[in-house]
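The structure appears below as structure tokens.
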Amino acid sequence: MTTATQFPCLPTVLPPRAPATRSHRTSEFLVRPAHEGDGTTLAALSSPFAHTGALRERPLSLYLSRASEFLVAQAPDGTIEACVGLNEHPAAGVLYNFCVAAHRQRSGIGARLLHAAFARARSRSLPTLFTATTGSGQLFLRHGFVLACPSLAPAAWTQSLDPGRNARILARSLRMANGQLPGPVPPP
């Protein structure tokens with residue numbers, strides 16, 4: 001389970017991507033660890049995605065108690081525009097609750113946030129990242145994730161997934177061919 005080639009599923013072929021519209025340069029956004037005071041904002045940012053079914057519904061108490069698991073993208077005016085959680089399991093990490101405010105989607109903010117999550121996972125010596133998606137998963141697939149069989153993912157996490165959502169499990173190895181964890185990945 002140390003290289004992407006060991007995941008038994010094949011990557012999905014992606015359609016061409018339309019050009020992004022950007023109102024702020026992505027370099028103007030600060031990607032940082034969330035802090036305890038961000039819990040309410042994380043819940044508010046995630047709420048529209050939970051209402052559409054794109055994210056699982058989570059109680060405010062989860063965002064308050066697990067804020068330290070999140071990375072956020074903060075606009076120059078201080079507004080948090082995107083977030084992702086990284087939960088650590090033995091031998092793997094799980095990305096969850098990944099969302100980008102609707103007016104910031106396709107701006108590059110999600111890719112920057114994902115690269116920051118890769119760096120955080122590497123700094124914690126996590127060789128593999130998993131995530132679950134009910135959508136296309138295009139951002140994940142563009143950044144090296146492939147379809148993976150649920151049996152390869154952390155059992156506690158897969159057992160917590162709602163089978164009614166029919167989520168696909170994706171995985172990405174963070175190891176190089178020689179088994180070492182590479183240095184930080186530069187943002188796109």
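Scan (1) open to solvent by less than 30 Å² (accessible area, probe 1.4 Å); (2) modelled with pLDDT of 95 or more; (3) of a type outside the set (A, V, I, L, M, F, W, C) for the single condition residue 107 breaks and write down its number.
The number of the failed condition is (2).
Only one of these conditions is not met by residue 181: (1) within 23 Å of residue 32 (Cα to Cα); (2) at pLDDT 90 or above. Which number is it?
(2)
Here is a check on your reading of the model: is residue 85 more than 10 Å from the chain's Cα centre (by Cα) and closer than 21 Å to residue 150 by Cβ?
Values: more than 10 Å from the chain's Cα centre (by Cα): no; closer than 21 Å to residue 150 by Cβ: yes.
When the stated conditions are applied, residue 85 does not pass them.
Give me the residue from the range 131-154 that is open to solvent by less than 60 Å² (accessible area, probe 1.4 Å) and part of a helix (DSSP H, G or I) and, out of that set, farthest from residue 111 (Cα to Cα).
My answer is 152.
Can you tell which of 95, 60, 114 is modelled with pLDDT of 95 or more, open to solvent by 40 Å² or more (accessible area, probe 1.4 Å) and under 18 Å from residue 42 (Cα atoms)?
Numbers: 95 fails: open to solvent by 40 Å² or more (accessible area, probe 1.4 Å); 114 fails: open to solvent by 40 Å² or more (accessible area, probe 1.4 Å).
Sole residue among the options that is modelled with pLDDT of 95 or more, open to solvent by 40 Å² or more (accessible area, probe 1.4 Å) and under 18 Å from residue 42 (Cα atoms): 60.
Just give me the residues in the range 143-167 being at pLDDT 95 or above and in contact with a Leu (Cβ under 8 Å, 6 or more places away or on another chain), in sequence order.
Hits for the range 143-167 are 143, 145, 146, 147, 148.
Quick one: which residue in 93, 110 is in contact (Cβ under 8 Å) with a residue 12 or more places away in the chain and assigned to a strand (DSSP E or B)? Don't jump to the end; show me each part of the working.
Numbers: 110 fails: assigned to a strand (DSSP E or B).
Selected residue: 93, the only one of 93, 110 that is in contact (Cβ under 8 Å) with a residue 12 or more places away in the chain and assigned to a strand (DSSP E or B).
The values are calculated or read from the model by the stated rules, or taken from the named source; none is laboratory data. Worth saying up front: this structure is predicted, and the values here are computed from it rather than measured. Using ideal geometry, Cβ is built from the backbone for each residue, glycine included, and neighbour counts are taken over all protein chains shown. Calculation scope for accessible area: heavy atoms of the full protein, side chains included, ligands and nucleic acids excluded. Shrake-Rupley method; radii C 1.70, N 1.55, O 1.52, S 1.80 Å.
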